[in-house]
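Only one structure is covered here, and it is reproduced in the block below.
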2 protein chains.
Amino acid sequence: MGAGDATMAAEQTASPAMRARGSRNDQTRRHNLSALLTAVHYGGPLTRAQLTRDTGLNRSTIGGLVAELADLGLVVEDSAAETGAVGRPSLIVRPRTDVVSLAIHPDVDALEVGAVAIDGTVVGRRRVALDAPPSAESAVQIAAAEARFLLGSMPGVRVAAAAAAVPGLVAMDASTVVDAPHLGWRGVSFGERLSDALGIPATVGNDANLGLRAEWGYGAAKGHDNVVYLNGSASGIGGAALLGGVMLRGGRGYGGEFGHMMIRSEGVECSCGRTGCLETELNAVALDAAAHDDEALDALARTLARAVANLECAFDPDVVLLGGFLGTLYEEREALIETEVDRHSFLPKAEGASIARAALGGNRLLIGAAERAFMPLLADPAGTVLIQR
Amino acid sequence: MGAGDATMAAEQTASPAMRARGSRNDQTRRHNLSALLTAVHYGGPLTRAQLTRDTGLNRSTIGGLVAELADLGLVVEDSAAETGAVGRPSLIVRPRTDVVSLAIHPDVDALEVGAVAIDGTVVGRRRVALDAPPSAESAVQIAAAEARFLLGSMPGVRVAAAAAAVPGLVAMDASTVVDAPHLGWRGVSFGERLSDALGIPATVGNDANLGLRAEWGYGAAKGHDNVVYLNGSASGIGGAALLGGVMLRGGRGYGGEFGHMMIRSEGVECSCGRTGCLETELNAVALDAAAHDDEALDALARTLARAVANLECAFDPDVVLLGGFLGTLYEEREALIETEVDRHSFLPKAEGASIARAALGGNRLLIGAAERAFMPLLADPAGTVLIQR
DNA sequence: CGTGATAAGTTTCTGGCATAAACATATGAC
DNA sequence: GTCATATGTTTATGCCAGAAACTTATCACG
């Protein structure tokens, strides 16, 4: 009889908190439309035959669902490219590239606005250099002006939503920036203000979170469901984690602040009030200072390795993704870091997580924010209104 | 327009890994049966009217679903207790107490077997004291004998499944004990062997995980969806985390090993090969030694506080739950720990997690293991066969 | 070319599921 | 004892995916 039988079902989670929502027939339809649009969103153009296999749904059902998505203006069906296979060629379903989301990234020295199509390509971007960190209000104004310009250059385009990637704590409402120290924002309803200025629903997400989302969808974390992400930037170390395919959020939305994980008990005092935080021990300044000092660089690499080992022991990820200067440090000291992590790893060897460098570079936050903006549409393709420009 | 509109849907997770499963009509039925059984499982007896409100389903639908659950022998409907309210009294739906799961807990000095009814009450338990840690084989034999005895005393009872709580790493197959150092088990297919010996499907879970599951369903974590759990026992410190209502597992099932979180960089060498692990700095021996030394106890409390602060910064939980000797330490140094955690907390004050002591005591692991065993039944009430004894 | 094999799109019909609406019933209030 | 209220029950309806039969587009082979 074996234990295997029960395994699959047992992995599911039953909520004791009486969150018992009933399911209706129309939710089935919504779920299936969502599954198809999500599949072509991440997987690129797919044939109807592939969708049939992947979803396990019937040919007829796929036909109907794809027709509805086409009616909604979300996908187009092309004749097949020649495959050389026998049998009637299957139609290719691809997301329409004239459906975009707006991505906004305010940072200390610049503000970027991008338009990202539903297939994940950045179809337009504008960057405004800034002398000083923008106030929330000026960020909204600049973003709105740039967005208008951007959309003006793309006639006929339809906009799903907008989202901003902000370096700081974002509340569960996906609008309020609770504390973005480097921008000097505290308790700002940035999403709501953006929304009003753009005339488009806008949400806000933490930059590390959205960075991981992008890497997950289109970068180095693609295909992995358990990922720890560490990103080193001028403003410190941001962290995020994807666990079982779900983004770590926490009760208030502040989960994943690995930059303030204690890494040295007798360490330097951090701006956050604690001592020995990862980002006070390992940061852009320290890395610059160690640029021509092999031992200093080794020490920093060892610090990173301990952080990675600690995170592996807490999360047991498939991949630990390193971005920004942490990615650079990793490339420069790959062997050292790998052996140090192995040495410190609590988990059975050979099974450990792999370490990888983040892949998407300068487009990462724009793609991540757009991902966030596309989520309502992906979750309910028929129930989400697009804004025609 | 505001950001709020998009928020709910945006919190959902769309999987890029092309896990696009289609949903069929019969899954709707299964989902709803599961939702109802789960509701009465955790929420105790509920009226049909309450179920109607909680699920959002139609009166008629609830009627049909409850009838099916009753036909399956999983629930009974009673006439209402007098509520004093106007209107026709609603029938009370309660889980049948003659449906049980077997819980098995092998430990270094004893093996416990319990029978837990579907309403969460422990209806029978047997404890066999042991001179030495049992081998996996003898644990199977003892468990099977005790289970036979236990079930023999409960005629007419039907068994859903069995599950064991094991102090060690358990693989994703929910059967293989990869490494249970205190028992000396390595790479044992304990679940499969149990299954064969009992004649009942059996799975295996990590003890801390199952402890948290129990506290979540029936103890101090009830109603919270983001919980970090730390349990101190003779064999060290076990950890587990519930994140957004989902148990942290990791890619291989080893997530949540917070006992091996680095807490002092120049610390003592741990059996795991690392240094300064939480459980080498704070354990039963150290606590005993500090029993009559206020300063030593303060130091241990500070160590605990740092661990809690670290976990809060990574997970942003609603509650940090402390069990075993950590619960004792917390009770003895509550004020100190609270202020130290606040001082070290990275997150905005006042919003921080509360700390609480685990509630379920000696029944915790039996309840947790039974929870695990009930999961397939809860997930698919109509598709899971009960074993008649 | 023309025929057959193959695979996929399309059409039609069916069954399951939740719902709405109408009806029946059990309680409290007056 | 009647009414208001809330809930259980029965019946008819609409939606959705699936199955089966049919149609279409390609390749292979002679």
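The values are calculated or read from the model by the stated rules, or taken from the named source; none is laboratory data. Because the structure is a prediction, the values reported are computed rather than measured. Glycine gets a Cβ as well: all are built from the backbone with ideal geometry, and neighbour counts include every protein chain shown. All accessible areas refer to the heavy atoms of the entire protein, side chains included, with ligands and DNA or RNA removed. Shrake-Rupley method; radii C 1.70, N 1.55, O 1.52, S 1.80 Å.
What are the label-to-label distances in nm, one decimal and shortest first, from B:Val268 to the same spot in the other copies, with labels 7 Å along Cα to Cβ?
With the label placed 7 Å along Cα→Cβ, B:Val268 yields 3.2 nm.
If you build a Gaussian network model of chain B, linking Cα atoms that sit under 10 Å apart, which residue out of B:Gly273, B:Gly120, B:Gly211 swings the most?
In this elastic network of chain B, the residue with the biggest mean-square fluctuation among B:Gly273, B:Gly120, B:Gly211 is B:Gly273.
Any idea how far the Cα center of the range A:93-159 sits from the one of the range B:110-125, in Å?
59 Å
Can you pull the accessible area of B:Tyr42 for me, 1.4 Å probe, Å² to the nearest 10?
10 Å²
Taking +1 at the Cβ of each Lys and Arg and -1 at the Cβ of each Asp and Glu, which of A:Ile337, A:Val385, B:Gly223 sits farthest along the dipole of the protein assembly as shown towards its positive end, judged by Cα position relative to the Cα centre?
A:Val385
Toward the positive end of the charge dipole of the protein assembly as shown, about the Cα centre and with charges on Cβ (Lys, Arg +1; Asp, Glu -1), which of A:Ile142, B:Leu150, B:Met172 goes farthest?
Going by the Cα projections, it comes out as B:Leu150.
If A:His344, A:His41, A:His31, A:His224 are ordered by their accessible area, calculated over protein heavy atoms with a 1.4 Å probe, which sequence runs from highest to lowest?
The most accessible residue leads, giving A:His31, A:His224, A:His344, A:His41.
Of B:Leu91, B:Leu311, B:Leu151, which is the most mobile in a GNM of chain B whose springs link Cα atoms less than 10 angstrom apart?
Taking springs between Cα atoms under 10 Å, the residue moving most is B:Leu91.
P(r) tail for the range B:133-199, what percent of Cα pairs lie past 17 Å?
42 percent
Using a 7 Å offset from Cα along the direction of the beta-carbon, what are the separations from A:Asn25 to the same position in each other copy, nm, ascending?
0.7
For the range A:24-95, what is the relative contact order in percent, using Cα pairs closer than 8 Å and at least 6 residues apart in sequence?
It comes to 37 percent, rounded to a whole number.
Net charge around A:Ala214, counting only other residues with Cβ within less than 12 Å of its Cβ (Lys, Arg = +1; Asp, Glu = -1)?
Here the charged neighbours net out to +1.
At 7 angstrom along the Cα-to-beta-carbon line, where would the label on B:Asp109 sit relative to the other copies? Give the distances in nm, shortest first.
Output for B:Asp109: 6.2 nm, nearest copy listed first.
With contacts defined as alpha carbon pairs under 8 Å and 6 or more residues apart, what's the relative contact order of chain B in percent?
17 percent
Computed FRET efficiency, Cβ-Cβ of B:Glu137 and B:Thr83, R0 45 Å: what is it to the nearest 0.05?
On the way: r = 55 Å, r/R0 = 1.21.
For R0 = 45 Å, the calculated efficiency reads 0.25.
Over what distance in Å are the Cα centres of the range B:326-385 and the range B:36-55 separated?
24 Å
Quick one: putting +1 on the C-beta of Lys and Arg, -1 on the C-beta of Asp and Glu, what dipole do you get for chain A around its Cα centre, in Debye to the nearest 20? Could the numbers behind the result be given before it?
Numbers: 33 positive and 46 negative charges, 338 e Å.
Charge dipole of chain A: 1620 debye, to the nearest 20.
When chain A is modelled as a GNM with alpha-carbon springs shorter than 10 Å, which of A:Asp294, A:Asp225, A:Asp107 fluctuates the most?
Between A:Asp294, A:Asp225, A:Asp107, it is A:Asp294 that shows the largest mean-square fluctuation.
Kindly work out what percent of the DSSP beta bridges joining two residues of the range A:200-344 are antiparallel, to the nearest 5.
Here the antiparallel bridges make up roughly 65 percent for the range A:200-344.
Once the convex hull of the C-alpha atoms of the range B:25-95 is built, how many Å³ does it hold per residue, rounded to a whole number?
Per residue, the Cα convex hull of the range B:25-95 comes to 85 Å³.
Using helices alone, what [θ] at 222 nm do you get for the protein assembly as shown, with -39,500 (n - 2.57) per DSSP H run of 4 or more residues, divided over all residues and rounded to the nearest 500? Working shown, then result.
Details: 26 runs with 308 residues, N = 778.
So the helix-based figure for the protein assembly as shown works out to -12000 deg cm²/dmol.
Convert each backbone phi in the range B:352-363 into a coupling constant with the Karplus relation 6.51 cos²θ - 1.76 cosθ + 1.60 (shift: θ = phi - 60°), then list the ³J(HN,Hα) values in order as whole Hz, x for Gly and Pro.
x, 6, 8, 10, 9, 8, 4, 10, 7, x, x, 8
Excluding the sites themselves, what is the longest stretch of chain A that contains no GluC sites (Glu not before Pro) in a DSSP loop with at most 16 other C-beta atoms within 10 Å?
A:83-265
Give the dimensionless ratio obtained when the Cα radius of gyration of the protein assembly as shown is divided by 2.2 N^0.38 Å.
Here the answer is 0.98, to two decimals.
With contacts defined as alpha carbon pairs under 8 Å and 6 or more residues apart, what's the relative contact order of the range A:222-359 in percent?
Details: 238 pairs, mean separation 35.0, N = 138.
Relative contact order here is 25 percent.
Please state the equivalent ellipsoid semi-axes for chain B: what are the square roots of 5 times the Cα gyration tensor eigenvalues, largest first, in whole Å? Don't skip to the answer; put the middle values down first.
Numbers: eigenvalues 268, 159, 81 Å².
Equivalent ellipsoid semi-axes, largest first: 37, 28, 20 Å.
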